[in-house]
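Structure first, then comments.
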Amino acid sequence: QNEEIRNNRKKLQEIMNYLIINKTLNKNDQHFLNSMASKYKINTVNQHKIDTIEILLESVDEIPNSIVLAQAANESGWGTSRFAKEFNALFGEYTFDINSGVAPISRNDGEKHLIKFFSNIDDSIKSYFNNLNTHPAYKRFRESRKELRAINFELDPMILVKYLKPYAQDKNYVKNIKSIIKTNKLSQFDGLKTITTKS
């Protein structure tokens, strides 16, 4: 997912540079821009294309591998939970759509939320990335990431994770995620561009 995001981000930056110089786009670039705006829920009505790209660049950006791994470990019980094993749900995402969610056994009386299920692990990961990169609850996360980019800083997981407090009701959630990252030295994976395995 991060590799795909890097490629899309690079293309958006190239399109913006082209647009600044030439004041117009070809059909392929326009289609790509429209597709990205739709995926990231950006309203393009009465908006200049450059403004659309600048808004997109706040959302079309990486999530440090250490944060992804720590949240997956925390939400899935290190892959041992019923939701992880039976429903490919690594990140404990909520939904209220009965067609895409399953009720948790420990749900309190009166609660109606479901846990999103997926046909495969890849879809679970895509949904998680889309959630953090589009949901209003994580706007401050995205803004902080943009601020780090603006001063050419690395995407420090210990800075960004502070803005994931809305992810869970647990008041110690951020503390727990930080602890998982530190204890398991997950930051070592942040420098990896791709992970490949030998067949």
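With all projection directions averaged, the alpha carbon convex hull of segment 79-142 covers 5.0 nm². Close amide H pairs (under 5 Å, H built 1.01 Å from N) link residue 190 with 66, residues at least 5 positions away or on another chain. Take the Cα of residue 150, go 7 Å toward its beta carbon, and the backbone nitrogen atoms of segment 22-63 under 19 Å from that spot belong to 50-62. Here is the size of segment 1-47 from its Cα atoms: Rg then Dmax, 11.1, 31 Å. Estimated from the Cβ-Cβ distance and a Förster radius of 35 angstrom, the FRET efficiency linking residue 98 and residue 34 is about 0.65. Using a cut-off of 27 Å between Cα atoms, the listed pairs 85/178; 112/139; 85/162; 162/185; 126/185 include 85/162 as exceeding that distance. Listed values for segment 59-72 are Karplus-derived 3J(HN,Hα) couplings in whole Hz (6.51 cos²θ - 1.76 cosθ + 1.60, θ = phi - 60°), namely 9, 7, 8, 6, 10, x, 3, 4, 5, 4, 5, 5, 5, 4, and x replaces Gly and Pro.
With a cut-off of 8 Å between alpha carbons and a minimum separation of six or more residues, what is the relative contact order of the chain in percent? Mind dumping the intermediate values first?
On the way: 201 pairs, mean separation 42.0, N = 199.
Relative contact order here is 21 percent.
Partners of residue 23 within straight-line reach, counting lysines whose Cα lies under 27 Å from its Cα and excluding those fewer than 8 residues away in the same chain: 10, 11, 39, 41, 49, 146.
Backbone amide hydrogens, once placed in the peptide plane, bring residue 101 within less than 5 Å of 117, excluding anything fewer than 5 places away on its chain. Near residue 164: Cβ cut-off under 14 Å, other residues only, Lys/Arg at +1 and Asp/Glu at -1. The net charge is +4.
Using only alpha-carbon positions in segment 59-175, the gyration tensor eigenvalues give semi-axes of 26, 15, 13 Å once each is multiplied by 5 and square-rooted (largest first).
Backbone geometry of segment 128-139 corresponds, through the Karplus equation with coefficients 6.51, -1.76 and 1.60 at θ = phi - 60°, to 3J(HN,Hα) couplings of 4, 4, 5, 4, 5, 8, 9, 5, x, 4, 10, 4 Hz, x marking Gly and Pro.
Suppose all protein chains stay in the model; what accessible area per residue would a 1.4 Å probe give for segment 60-199, in Å²?
Numbers: 8430 Å² over 140 residues.
Here the residues of segment 60-199 average 60 Å² of exposed surface.
Size of the chain from its Cα atoms: along the principal axes, largest to smallest, the extents are 57, 41, 38 Å.
Helix 173-183 axis versus longest C-alpha principal axis of the chain: approximately 90°, rounded to the nearest ten.
On the accessible surface of segment 1-95, probed at 1.4 Å, how many percent belong to carbon and sulfur atoms?
On the way: 2460 of 5130 Å².
So the carbon and sulfur contribution to the accessible surface is 48 percent.
The values are calculated or read from the model by the stated rules, or taken from the named source; none is laboratory data. Please read all numbers here as calculations on a predicted model, not as lab measurements. As a convention, Cβ positions derive from the backbone with ideal geometry for all residues, glycine included, and neighbour counts pool all protein chains shown. Only protein heavy atoms, including side chains, enter the accessible area calculation; ligands, DNA and RNA are left aside. Shrake-Rupley method; radii C 1.70, N 1.55, O 1.52, S 1.80 Å.
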